[in-house]
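This report concerns only the one structure given below.
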Amino acid sequence: MKISLSLIKEYTYIPDNKKSLYDLIDEFAKKSVDVDEIREYPNFGEDIIIGEVKEIYKHKNADRLYVTKVDIKDKEIQIVTGAPNVYKGMIVPVVLEGSEINGQKIEKHDFRGEASYGMMCSEKELGLGENHSGILDLGSRSFESRSGYKSIGSLFTDHIGESLQSIIKDTIIDIDNKVISQRGDLFSHHGIAREFATIEHKPFSERIITPIKTNKRNNLKVTIEDKNFCNRYCAITIDNIKVEESPFWIRERLKNLGIKPINNIVDITNYVMVNLGQPLHAFDVSKISENTDLEIKVRKAKQNEEITTLDSKKRVLTKNNYVIATKNKSIGIAGVMGGKESEIDESTQSILLESASFNPLLVRKSAKSVNIRSEAVLRYEKGISQSLTLKALNYAVELILQNTTGEISSSVTDIVTNKVVADLIIKLDISKIEKVLGMEIPLKDTSNILASLNIKNKQVGNFMVATIPDERLDIKEDIDLIEEIGRIYGYENIDIEEPNMKVMSVRKNVVFDINNKIISIIASLGGYEIKTYSFINQDLMNKSLIETDAIKILNPISPDFDLLRPSLIPSVIYTVSNNQRHKDTFILYEIANVYLKNNDLQPKEERHLIAAYFSKDKEEPFFYMKRVLDTINTYLNLTNIFEYRNKAEKPFFKNKSSKIYIDGDYIGEIGDISSAVKENFGIYGNLSIFDINIDNLHNKINKFISIKDISKFPEIKEDITILYKNKINLKDILDKINDTNLRTKEIIDIYKGSKINTDEISITLRLIFENFERTFLGTEIKEKIDNIKSILSENFKDNITFR
Amino acid sequence: MENIKRDVEKIWKTSIDSIETLGSLEDVKKFYSTNLGKNSNLSTILKSISKLTVTERKEVGQFANQVKTDISNSLKQKEDKLKQALYDKEDSEIIDTTIPGSQLNIGKDLNIGSIHPISAMIKLIEDTFAVYGFEIAEGPEIETDWFCFQALNIPIGHPARDMQDTFYIKEDELLPRTHTSSVQIRTMQEHTPPIRIIAPGKVYRNENSDPRHSFMFYQFEGLVIDESSNLKDLASVLQGALKKIFNDDSIKLRIRNSYFPFTEPSIEIDCSCIFCSMKGCNVCSYKGWLELLGAGMVHPQVLRNVNIDPNKYQGFAFGTGIERLVMIKDRINDTRLFYENDIRFLSQFKNI
């Protein structure tokens, strides 16, 4: 929201000195509301000076250009211009080469052989108006003596007239609305000025507003249907209105505050709103009643009731909306936006001016349902003090009477249905201030700060008894007062030290710990950890052949991200496809949650670990992934190895995949991604993925590492090569290789290929035998090997041969 | 005209015949480019009909297009058949999935990988705050309105809901959490003070992506509840922690007033710029300060909501975006890089 410091000046002291001013804004940003931007108006500052056109002739090579010589006191400079209204002797605002206007630097420019060392400005370029048809004509020398434009070469700013200057010369700060959403009082210059006054320890002067004086009769009947919605309604009628452009100073202020000037009546209501924070609305009487007697109802909208709002949009209302209505029809959405039909226009002669207090929650709900965010909504939804209702009406009437031809034509209607807040009294335990803030604040300062914020207070024993004015709807308990005291006294007074907290022992979060370990293990095996979005779309699911039902997002940011993912597989395959042109072989992995539908309100969230191995040329990617998975198992020191049995489903190849179990519990799947899926994603190469649920892995970790003894006697290594048919599997074979002296069974070679049948696998195992009592005898190992072979032959018959 | 029709007919017959004999997907591709592509016989013939009369042209044109569609359909059928055969063949290939992976002598050619910078920062945060007695806590990402808003003193219809653009699964009931503050509530409901936790995790906001915003990002939240911890303790702990996180002992903090419905007082914490010692540089936008965290004293209403007595207990909470910390520390200027997962970006984080 934009705040005009020249308007703040009407309430409290604002320094003229630029440095002091910026220091103050800095303090304000720290102690009150963050400031997003500071802008100076008019923004020509010292860059624009007054010059006189001494010579003028047509450009030889350009029909529409004039070459001029402009006197700027010390010298004459050449300026080329296209302005049709330039004449000899004209006094003009000039920007010289090297200076700025509207943030743009003016530089020497060559116009077809004629150099130009500056620019003469139009009204628009100066930010003074909309006229851009020619240079702003400040008159000629004869005019100069009358208007006071006496010194050629002096600053333009100094010559634009004192009253005009105080208005157009302004500093506008744009404050961050987000941090004041609890403080309706700060959506006004009145409220912001109070903050400034408090921060700089300067007095705050209330605006003196003359109460309306009227002896006219009451011509208005107001019915309020729902006291909970409207707790105060004030109104008055004004006749003899002539709708026209509002005075320059109002237009200028509104423009600087980012509000478009419309006409004198609307501008005045807006001006009162930015000033005091109370939205007002004016209706054209002739459009809402056939005679001077008016009937107004504040009521709930009827289902499907229609109204065209001021923005010319037709709105279909529901029971969520409240309207201001006449006997027959609604003329505005209460607190949200007025109706087009009763709008003030050039023909308006008589107006009904309304100032009302509405329930913040209900206005917000109403505005949301018709999707309108107006300046009125912005303020109503934050809560507006009930005492402002009449005050704002008084001020608006005062401005109308002063600045227009209008005359009061009714008595003041003021209906209070519900007195909202009596002044709240809060008892603050003085010792609590330091207990919460951790800084000592002199009691005198505490009291002064509150007083300056319009919070009356007195000390009673160990307590501060504070009376909260009704504009401060945000202050509800003692802690709120402590915040006021802390922020204004200044948090810079907190003496930050080395942390001095009581020692507390920290239990390791086992789930987190496993994540960290897994992340490190896979990274050291060559994996790049990725982070993909939790939201995906149906197309990605379809491409991955995953049929799980996914949870939908009601208001997705785009159709690409409208589902909560029930699987990490689509995201990972997609990421592989994006990276395949950067590297020929790589591993990607991620730990993230998947979201599964279930009967509770909240979906079931499972934490999954997924990894993918991609290679343009390496065959059997499956084993690269399996190596990673089994290595994790080893280094996490799990109670049991992963078991691989049963085929996995889509998107894997049937016979190149497996389900994964630990201690009999199913945890996930591993497999090579089928050609159909790879084709869907445009992946050219081999791709294998494992996807496991790691939620319960922390329950399956050995507390200790079990250490085997090492024999003092020499160990014996014996290699055997087995050729087996892929009907059977290596696990079953290995399970049958047992011996009391067998220490390890190590795979040292695997071969598949042209030298053997396609359904055969050759494997070379290194068996290491050890004996704790003695050295092995000569034939002992051979006997053991023979025994192992015969057990294998017995069990696997033709499916196994030895080499 | 008849000649042309006959030519087209001939192409039709031979094409259908030769489609039958295609043996691989490669052949299908080749066939397409020679027989249906821009420079195929059929295209050449179609070009020549411009010499005919209008009615003739219409007749031949229609016929040729029919032929073209028919050939394309046959080719598509053949392609599907070949694909299916390939899938079947691939499905019939068997590997022994029981070969123990930990003993395989493969994959050694891969370079060492990398840990995602966000994970690395979370670990750094975890380790740093552990020194001050903070434990890691977590909560669900898809939260109820109660945990994400209501218990945090943001009732339904409260304007503060506009501070965060929320995705909804069910309006005013279920949503991807907009902040990790929901974990505060879960922790306080389950544990009695003293409480000291750090809660890192994903959060979601319905705002368009740009260099500084992403609809998914990471936050971490800190919470301390005991009988005495105050704003000074908060500032002191954070200053100590930030010194470690940014590896800079000269760090100073600045505290500004702010507003969050679940803390009172609420503050913003800035830290002196670690790159320019507050002289002003482009990292801090020449302000000398880096905006880092939102924080404050836990609002008594929040304590009451989780049945903790605010007259006995008090404490503080703080939180910020994890990407923001990484971006400052590693001087990354676009938050989208974290989720694009480009290996060329990821492989630079050699901090395993």
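Bear in mind these aren't lab numbers, they're just calculated from the coordinates by the rules spelled out. No experiment lies behind these values; they were computed from the predicted model shown. Heads up, the Cβs are rebuilt from the backbone with ideal geometry, glycines too, and the neighbour counts pull from every protein chain shown.
An oblate overall shape is assigned to region A:697-757, the ratio a/c of its alpha-carbon gyration tensor axes (a ≥ b ≥ c) being 1.5 or greater and a/b not exceeding b/c. The magnitude of the dipole of region A:618-747, with charges of +1 and -1 set on the Cβ of Lys/Arg and Asp/Glu and taken from the Cα centre, is near 140 debye. Taking the alpha carbon gyration tensor of region B:1-126, multiplying each eigenvalue by 5 and rooting it gives semi-axes of 55, 22, 12 Å, largest first. Positive end of the dipole of region B:175-230 (Cβ unit charges, origin at the Cα centre): among B:Leu175, B:Ala199, B:Ile185, the Cα lying farthest that way belongs to B:Leu175.
Across chain A, C-alpha contacts under 8 Å between residues 6 or more apart give a mean separation that, scaled by the residue count, equals a relative contact order of 8 percent.
Residues with beta-carbon under 11 Å from that of A:Phe776, excluding A:Phe776: net charge, scoring Lys, Arg +1 and Asp, Glu -1? Intermediate results must be reported in sequence, preceding the final value.
On the way: positive: A:Arg774, A:Lys782, A:Lys784; negative: A:Glu715, A:Glu718, A:Glu770, A:Glu773, A:Glu780, A:Glu783.
It works out to a net charge of -3.
A cut-off of 5 Å between modelled amide H atoms, ignoring neighbours fewer than 5 places along the same chain, links B:Glu135 with B:Arg196, B:Ile197, B:Ile198. Taking amide H positions as modeled 1.01 Å from N, with prolines and chain starts lacking one, no residue 5 or more places away or on another chain lies under 5 Å from A:Ser181. Scanning the protein assembly as shown for cysteines with no neighbouring cysteine C-beta under 4.7 angstrom from their C-beta gives A:Cys121, A:Cys230, A:Cys234, B:Cys148, B:Cys271.
Distance between the 7 Å Cα→Cβ label points at B:Asn307 and B:Asp88: 6.6 nm. Remark: region A:443-457, residue by residue, has Karplus-estimated 3J(HN,Hα) of 4, 5, 4, 3, 5, 5, 4, 5, 4, 5, 8, 6, 9, 5, 8 Hz, where x stands for each Gly or Pro and the curve is 6.51 cos²θ - 1.76 cosθ + 1.60 at θ = phi - 60°. Every Cα-Cα pair in the protein assembly as shown was counted, and those over 38 Å apart are 67% of them. DSSP assigns beta bridges within the protein assembly as shown; of those with both partners inside it, close to 95 percent run antiparallel.
Pairs of lysine residues in region A:317-383 that meet both criteria, 8 or more places apart or on different chains and Cα atoms under 17 Å apart, total 6. Modelled spin labels at A:Arg373 and A:Asn696, positioned 7 Å past Cα toward Cβ, are 4.7 nm from each other. Taking the longest Cα principal axis of chain A as reference, the axis of helix A:264-276 is set at about 60 degrees.
Please compute the average number of Cβ atoms from other chains found within 10 Å of each residue's Cβ in peptide B:127-135. Display every interim value, and only then the final one.
Details: counts 1, 0, 1, 3, 2, 5, 7, 3, 7.
What the average comes to for B:127-135 is 3.
Using a Cα distance threshold of under 22 Å, what count of lysine pairs results for region B:176-287 when pairs must be 8 or more residues apart or interchain? Eligible lysine pairs with Cα atoms under 22 Å apart amount to 11.
Listed values for region A:588-602 are Karplus-derived 3J(HN,Hα) couplings in whole Hz (6.51 cos²θ - 1.76 cosθ + 1.60, θ = phi - 60°), namely 10, 8, 7, 10, 7, 7, 10, 10, 10, 5, 8, 7, 6, 4, 7, and x replaces Gly and Pro. Listed by chain and number, the lysines placed with their C-alpha closer than 22 angstrom to that of A:Lys75 are A:Lys54, A:Lys58, A:Lys88, A:Lys105, A:Lys108, A:Lys150; residues fewer than eight positions away on the same chain are left out. Here's the picture: charge each Lys and Arg Cβ at +1 and each Asp and Glu Cβ at -1 in chain A, and of A:Val95, A:Phe704, A:Ser658 the one pushed furthest to the positive end of that dipole is A:Ser658. R0 = 25 Å: FRET efficiency of A:Asn218 with A:Asn291, Cβ-based, nearest 0.05? Step by step, r from the Cβ atoms, then E = 0.95.
Helix A:478-489 versus the longest principal axis of chain A: what angle, 0 to 90°, nearest 10, using Cα atoms? Tilt of helix A:478-489: around 70 degrees. Note on B:Asp27 and A:Lys476: the model spin-label points, each 7 Å out from Cα along the C-beta direction, lie 7.9 nm apart.
What residue among B:Tyr218, B:Tyr204, B:Tyr286 shows peak mean-square fluctuation when chain B is described by a Gaussian network model with Cα springs under 10 Å? Among B:Tyr218, B:Tyr204, B:Tyr286, the largest mean-square fluctuation in the Gaussian network model of chain B belongs to B:Tyr286.
Work out the FRET efficiency for B:Ser50 and B:Trp146 from their Cβ-Cβ distance, taking R0 = 56 Å, and round it to the nearest 0.05.
On the way: r = 74 Å, r/R0 = 1.32.
With R0 = 56 Å, the Cβ-Cβ based efficiency is 0.15.
Shielding of peptide B:165-172 by partners, expressed as the average count of other chain Cβ atoms within 10 Å per residue Cβ, is 4.
Stretching A:Thr417 away from A:Lys227 to a fully extended chain increases their span by 67.8 nm, per 0.36 nm per residue minus the current alpha-carbon distance. Quick check: the angle from helix A:621-636's long axis to the longest principal axis of chain A, C-alpha only, nearest 10 degrees? Approximately 90 degrees, to the nearest ten.
Where a Cα-Cα gap under 30 Å defines reach, which lysines qualify for A:Lys782, not counting those fewer than 8 residues away within the same chain? Partners within reach: A:Lys708, A:Lys712, A:Lys717, A:Lys725, A:Lys727, A:Lys731, A:Lys736, A:Lys745, A:Lys752, A:Lys755, A:Lys797. Taking a ≥ b ≥ c as the square roots of the eigenvalues of the alpha-carbon gyration tensor, region A:654-747 is classed oblate because a/c is 1.5 or more while a/b is no larger than b/c.
Provide a whole-number value for the mean count of partner chain Cβ atoms within 10 Å of the Cβ atoms in peptide B:113-122. Show your work: numbers first, answer last.
Details: counts 14, 6, 9, 9, 2, 2, 9, 3, 0, 4.
The per-residue average across the peptide is 6.
The charge dipole of chain A, taken about its Cα centre with unit charges on the Cβ atoms of Lys, Arg (+1), Asp and Glu (-1) only, comes to about 1620 debye.
Annotation: extensible slack from A:Ile707 through A:Gln349 equals 118.9 nm (criterion: 0.36 nm per residue apart, minus Cα-Cα distance). 5 Å is the cut-off here: which amide hydrogens, built 1.01 Å from N in the peptide plane, fall below it relative to B:Ile94, excluding neighbours closer than 5 in sequence? When sequence neighbours closer than 5 places are left aside, there are no close amide H contacts.
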